[in-house]
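Have a look at the structure below before the remarks.
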Amino acid sequence: MTDFPVFPPGFVFGAATASYQIEGAAQEDGRGPSIWDTYSHTPGKTDGGDTGDVACDHYHRYREDVALLRELGVGSYRFSIAWSRVQPDGSGAVNPKGLDFYSRLVDELLEAGIEPAATLYHWDLPQALEDRGGWRVRETAERFGEYTAIMAEHLGDRVPRWITLNEPWCSAFLGYSVGRHAPGAKEGRGALAAAHHLLVGHGLAMKELRAAGVREAGITLNLDRNVPATGSDADLAAVLRADTQHNLVWTEPILAGRYPASDEETWGELITGQDFRREGDLELISQPLDFLGINYYRPIVVADAPHREPDPALRVATDNRLRETSYPDVRTTAMGWPVVPESFTDLLTALKETYGDALPPVHITENGSAEYDTVEPDGAVRDADRVEYLRTHLTALRAAMDAGVDVRGYYVWSLLDNFEWALGYAKRFGIIRVDYDTQERTPKDSYRWYQGLIASHRS
Ligand code: GBH
């Protein structure tokens with residue numbers, strides 16, 4: 001293969017997963033219930049009624065999965081820690097067996113020469129904390145700081161890279177506004193309070209990670225590349241609202257220490273009447289990051305829409321003046337997402353343009369695609385579309401680096417086919433196929449391609 005993009009020496013190639021999507025063993029070794037157990041077990045919430053009860057059974061098969069990572073040749077593996085394994089009620093005493101699982105996983109990785117990158121929160125809030133208000137209340141942020149301190153104390157010297165939150169947009173807005181993620185609430189103000197408390201939780205976690213002296217700490221955001229449907233003033237204004245809701249709500253406080261200037265025009269009375277932002281919060285939230293994690297999948301075409309009563313079918317229930325339209329003339333993945341690699345370049349260069357030197361080094365903590373894979377009679381798994389997606393997106397990433405964006409690493413989503421949240425097991429993002437009847441793992445063509453790319457960087 002001669003068409004591999006070439007990355008600078010030291011660039012980190014990795015693969016990523018998340019606890020609830022792969023672990024299974026939902027009731028084992030003292031794990032407490034999380035909001036995703038509750039949500040997935042509520043009839044009608046997930047496609048096919050799928051749950052993470054068993055998932056990829058990674059809890060029991062982690063050694064086999066680390067062996068696959070080693071064979072792949074990755075320099076780093078990004079996984080997440082299930083808070084309710086470590087603290088079944090989200091506070092107080094530690095469950096030693098839960099802690100021990102992550103300790104064994106980390107040791108296995110280190111032995112394989114793979115750097116662990118741990119995400120502290122990938123959406124599985126202990127149910128006990130949701131029962132007390134969840135992210136709507138500040139207390140949850142405080143508990144998150146305490147849990148972070150426990151993890152940093154036990155794994156801080158063995159895990160070099162820490163991510164406080166994964167995609168807080170999904171936690172706040174899909175969870176408390178659109179209702180398509182746990183806990184499935186459909187609120188306006190509650191979602192904005194959740195967004196703020198997630199930011200506060202991030203700040204408290206950063207403090208704990210610094211106190212423990214970990215090598216690198218940051219956060220992962222799913223920043224959207226919002227493209228106007230037309231050049232009309234109305235559509236351009238809609239793009240600014242979309243940018244505020246998805247991007248600026250996080251990047252302004254974290255990178256610039258201020259709230260978005262476009263807050264009021266985006267949220268109206270939901271934000272003017274708020275009482276959750278407190279003195280000193282911005283200082284906490286804007287502590288310097290060692291890296292910014294970015295998850296990128298697709299661009300979003302945004303159009304203005306007439307104001308209507310909240311409609312849960314709309315993508316962001318808290319601002320129903322937006323409409324998402326389709327991207328013209330490009331292939332879409334099994335998620336129905338348009339494949340537009342240039343948008344990946346544009347997202348990164350625009351971010352650099354906006355924040356300049358205030359933009360820390362970047363890690364792409366997720367990128368990949370769900371496709372309809374073909375299983376050959378001999379068992380081989382063909383996924384040419386995914387190979388093409390990865391090749392063109394890594395090339396687009398390289399272009400952003402040439403344009404001056406300091407990108408240090410790339411983690412493919414995902415190592416394994418897994419529980420794709422509300423969409424269940426039908427959507428497959430893995431570079432390794434999982435047979436959910438036998439739990440057999442089969443590397444796909446994309447795994448071999450990525451292995452080749454990584455090998456081509458070894459001198
Ligand atoms: C990321 O989310 C996540 O970090 C990762 O866990 C996830 O598996 C991956 O990307 C792929 O989606 O449930 O019908 O409302 C990106 C945000 C959240 C977008 C779930 C798709 C499903 C649509 N994703 N959402 S629906």
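The values are calculated or read from the model by the stated rules, or taken from the named source; none is laboratory data. Quantities reported herein were computed from a predicted structural model and do not represent experimental measurements. Every residue, glycine among them, receives a Cβ derived from its backbone with ideal geometry; neighbour counts consider all protein chains shown. Quick note on the areas: whole protein, heavy atoms, side chains included, nothing else; ligands and nucleic acids left out. Shrake-Rupley method; radii C 1.70, N 1.55, O 1.52, S 1.80 Å.
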*In the stretch 390-422, what count of residues is obtained for those that are within 12 Å of the ligand (Cβ to nearest atom) and among the hydrophobic types (A, V, I, L, M, F, W, C)?*
7
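Which of the residues spanning the stretch 125-152 are touching a residue at least 24 places away in the same chain (Cβ under 8 Å), open to solvent by 20 Å² or more (accessible area, probe 1.4 Å) and closer than 24 Å to TRP421 by Cβ?
Pass one, the stretch 125-152, residues touching a residue at least 24 places away in the same chain (Cβ under 8 Å): 125-130, 134-138, 140-152.
Checking the rest, the ones that are also open to solvent by 20 Å² or more (accessible area, probe 1.4 Å) come to 127-128, 130, 136-138, 142-143, 146, 149-150.
Across the stretch 125-152, the qualifying residues are GLN127, ALA128, GLU130, ARG136, VAL137, ARG143.
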*Determine whether the stretch 200-210 contains at least one residue that is closer than 27 Å to PRO116 by Cβ, within 16 Å of the ligand (Cβ to nearest atom) and open to solvent by less than 20 Å² (accessible area, probe 1.4 Å).*
yes
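Under 22 Å from SER40 (Cα atoms) and open to solvent by 20 Å² or more (accessible area, probe 1.4 Å) - does that describe any residue in the stretch 100-115?
no
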*Take the residues in the stretch 319-337 that are surrounded by fewer than 20 Cβ atoms within 10 Å (Cβ to Cβ) and closer than 21 Å to ARG428 by Cβ, then tell me which one is nearest to the ligand (Cβ to nearest atom).*
MET335
_the stretch 70-84, residues that are farther than 16 Å from SER414 by Cα and free of Cβ contacts under 8 Å to residues at least 60 places away in the same chain_ = SER84
*asked:* Quick test of your reading of the structure: ILE254 fulfils all but one of (1) within 16 Å of the ligand (Cβ to nearest atom); (2) open to solvent by less than 10 Å² (accessible area, probe 1.4 Å); (3) within 17 Å of the chain's Cα centre (by Cα). Name the failing condition by number.
replied: (1)
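For (1) within 16 Å of the ligand (Cβ to nearest atom); (2) of a type outside the set (Lys, Arg); (3) under 21 Å from the mean Cα position of the chain (by Cα), each residue gets a yes or a no:
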site	(1), (2), (3)
ASP107	no, yes, no
LEU110	no, yes, no
ALA117	yes, yes, yes
GLN127	no, yes, yes
GLY134	no, yes, yes
*Taking only the stretch 422-452 into account, find how many residues are closer than 23 Å to GLY75 by Cβ and touching a residue at least 60 places away in the same chain (Cβ under 8 Å).*
13
*Can you tell me how many residues in the stretch 181-192 are modelled with pLDDT of 95 or more and either open to solvent by less than 10 Å² (accessible area, probe 1.4 Å) or farther than 25 Å from GLN21 by Cα (or both)?*
1
*Given the structure, is SER459 of a type in the set (S, T, N, Q) and either part of a strand (DSSP E or B) or open to solvent by less than 10 Å² (accessible area, probe 1.4 Å) (or both)?*
no
*Scope the stretch 341-353; condition surrounded by fewer than 16 Cβ atoms within 10 Å (Cβ to Cβ) and either more than 19 Å from PRO5 (Cβ to Cβ) or without any contact (Cβ under 8 Å) to a residue 40 or more places away in the chain (or both); matching residues*: GLU353
*Residue in the stretch 24-35 that is more than 19 Å from the chain's Cα centre (by Cα), farther than 19 Å from ALA152 by Cα and of a type in the set (A, V, I, L, M, F, W, C) present*: yes
*Cβ-Cβ under 7 Å pairs, at least 6 apart or on other chains, the stretch 283-301 side in contact (Cβ under 8 Å) with a residue 60 or more places away in the chain and of a type in the set (A, V, I, L, M), far side part of a loop (DSSP other than H, G, I, E, B) and within 16 Å of the ligand (Cβ to nearest atom)*: ILE294/LEU223; ILE300/ASP224; VAL301/SER326; VAL301/TYR327
*From GLU265, GLU309, which residue is in contact with a helix residue (DSSP H, G or I) (Cβ under 9 Å, 6 or more places away or on another chain) and either surrounded by fewer than 18 Cβ atoms within 10 Å (Cβ to Cβ) or at pLDDT 95 or above (or both)?*
GLU265
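Listed here are the residues, each with its yes/no results for (1) within 16 Å of the ligand (Cβ to nearest atom); (2) open to solvent by less than 20 Å² (accessible area, probe 1.4 Å); (3) in a loop (DSSP other than H, G, I, E, B); (4) of a type in the set (Asp, Glu).
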{"site": "TYR20", "(1), (2), (3), (4)": "yes, yes, no, no"}
{"site": "ASP29", "(1), (2), (3), (4)": "no, no, yes, yes"}
{"site": "GLY32", "(1), (2), (3), (4)": "no, yes, yes, no"}
{"site": "PHE79", "(1), (2), (3), (4)": "yes, yes, no, no"}
{"site": "GLY90", "(1), (2), (3), (4)": "no, yes, yes, no"}
*Counting only residues that are near the ligand (Cβ under 10 Å from one of its atoms) and over 14 Å from the mean Cα position of the chain (by Cα), which one in the stretch 153-180 is most open to solvent (accessible area, probe 1.4 Å)?*
ARG180
